[in-house]
Amino acid sequence: MTHAATELAAATNEHLASISNTLIYSAMAVYTLAFFAYIAEWIFGSRSKVGRTAAALTAQTAAKAKAAAPAVTVNKAGGTAVLERPKVVVRSAAGSRDVPDGPGAHGGDEQGDLFGRVAISLTVLAFLVELGGVVARAASVQRAPWGNMYEFNITFSTVAVGVYLGLLALKKNVRWLGLLLITTVLLDLGLAVTVLYTASDQLVPALHSYWLYIHVSTAIFCGASFYVGAAGAVAYLFKDSYESKLAGGGKPGTFATSVLERLPSAATLDKFSYRINAAIFPLWTFTIIAGAIWAGDAWGRYWGWDPKETWSFITWVAYACYLHARATAGWKGRKAAYLALIAFSCWLFNYYGVNFLFSGKHSYAGV
């Protein structure tokens, strides 16, 4: 390649990198508008249906109290009839409260729903702009855009939003997740463009492999999905506490009622988090296996207890424990949700902590 061609290629790559940066900042601006739209959905959504969950629980509690009386013998027309003893439903059983799902973030109001639809539209637009930024970054470095923490961050947030929009497209009731998701995406991108920003550069020779596309892409998708599952677990813990307080005759505050009444029921959130994590766990297993195969090709050994490898395995064990506990009747509900959050914390530490605190074969990621 001639010197002039080299300079032209370098200038083109620099221009593409500039376009990528502009698109990422533009996506942040649109995400900010979506953030305010989500807030408007929660604030201006009708509160007229607040207490529907409370009413359902009150009626159910009264029915249970009536049914809880011991079986009695009744004389009827000279005969005897024994009332059937009511079934005992353990509290840990999913769906034991039979509480209907809340009206959603929009509060069951047309005005709130309008703001929610605007928020979703802005989220789609921001997703497409950010995706364009990721593609432009890939074009500027002429490889997969996963060579450092900056590139990993912008790709991770893009995939996380993509998972959310995909669930919406499948008609899943996840609009309640929008405000939390967009808030964390803005924090993620803010960290990426300030602390983690790295200029376009090429990878070390050992990483020029098709396994980069397989291993890292699945790791990013798994992390984004685990994030959605963890958000469901957090929402479950709050909603379960809310329902427990109502079932015990307590009266939550107005703010807590207004927010938590709009979430799906605790049983629905519990199933949502479990199904997400259970569906992604096999893919996380594949991610670790693919990484080991790649390590064998690049470094001549499949496993060396590198910090990144070690914490990937710890994360795998944590999620395996969660799934095993979740499948055990005595560990459903809050205990399992805590395990899910511990497992996701292991993934987060593997994502951030290992790169900042340890050095090893994976230190090429840089910051």
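The values are calculated or read from the model by the stated rules, or taken from the named source; none is laboratory data. Note that the coordinates shown come from a computational prediction; the quantities given were computed from them, not determined experimentally. Just the protein is used for accessible areas: all its heavy atoms, side chains included, with ligands, DNA and RNA removed. Shrake-Rupley method; radii C 1.70, N 1.55, O 1.52, S 1.80 Å.
See the values below:
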{"read-out": "Accessible area of residue 165 in the full protein assembly, 1.4 Å probe (Å², nearest 10)", "value": "30 Å²"}
{"read-out": "Exposure of residue 341 as accessible area (Å², to 10), given a probe of 1.4 Å and all protein chains", "value": "40 Å²"}
{"read-out": "Derived scalar couplings ³J(HN,Hα) [region 282-293; Karplus, 6.51 cos²θ - 1.76 cosθ + 1.60; whole Hz; x for Gly, Pro]", "value": "x, 5, 5, 4, 4, 4, 5, 5, 4, x, 5, 5"}
{"read-out": "Area accessible to solvent at residue 121, 1.4 Å probe radius, in Å²", "value": "80 Å²"}
{"read-out": "Per-residue ³J(HN,Hα) for region 114-120, Karplus 6.51 cos²θ - 1.76 cosθ + 1.60, θ = phi - 60°, Hz, x for Gly and Pro", "value": "4, 4, x, 5, 5, 4, 5"}
{"read-out": "Calculated Rg and Dmax of region 237-367 using C-alpha coordinates, Å", "value": "19.2, 64"}
{"read-out": "Accessible surface ranking that places the most exposed of 241, 258 first, with a 1.4 angstrom probe", "value": "241, 258"}
